[in-house]
Every structure is written in C-alpha cells, then in structure tokens.
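What follows is a short report on a single structure.
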C-alpha cells in the first residue's frame, strides 16, 4: 500500500488578510504621490479600532495640501478597498511624545 501525501493547502491569494489589502490600496495611490516628490509609509493597523496609521514623507511631509490629499484621496480610496479601515491617521516623521510641537 502506498502512502499518499497530505493535501497541500491552497495558496493564499494576495489580499487575503487586511494588511495585504491595505498595502495594495496604498500601492495603488503611491505613484500619484511620488509624481510630486512625496510618498507614504504604512506604520500599522489596529483591527480593534479600525485605525490605520501611515506616515506622509518626502514632499508630502509639511505640504499645505497633504491633509486634503490624505482625506479626500488616500483615506477615501483605502476605505473603499478595505472596509475594515475606519480612520486613517498621519503620524509626522518628527513625532515624539516628548516633542512640545505635539
């Protein structure tokens, strides 16, 4: 009697988990930011609160239009693609709890 190998699990498709879908949505938006010399970095996502933390970098950091870009562009698209995301928060690159600016 020959032994049969245990069935191999089906490969997981890209985007099966929330963070992969978030990354895919950010990657979709990223070229528009990079065109103007900016970018964004994924920091973390809390499934308990639905809060996605990113960091706007490059020309986006300090740009007067970055808040508009964040809300009307990035947040809107990410929420459409990933309904688990309830809010998106930009953490400035110079953020530190001890920084009097914050």
When segment 41-79 is checked residue by residue, the ones that are touching a residue at least 40 places away in the same chain (Cβ under 8 Å) and within 11 Å of the chain's Cα centre (by Cα) are 43, 45, 74, 77, 78
Residue hits (segment 62-85; more than 21 Å from residue 37 (Cβ to Cβ) and assigned to a loop (DSSP other than H, G, I, E, B)) are 82, 83, 84, 85
Checked 28, 75 against criteria (at pLDDT 85 or above and surrounded by 14 or more Cβ atoms within 10 Å (Cβ to Cβ)); the one match is 75
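The values are calculated or read from the model by the stated rules, or taken from the named source; none is laboratory data. Note that the coordinates shown come from a computational prediction; the quantities given were computed from them, not determined experimentally. Because the Cβ atoms are built from the backbone with ideal geometry, glycine has one as well, and the counts that use them run over all protein chains shown.
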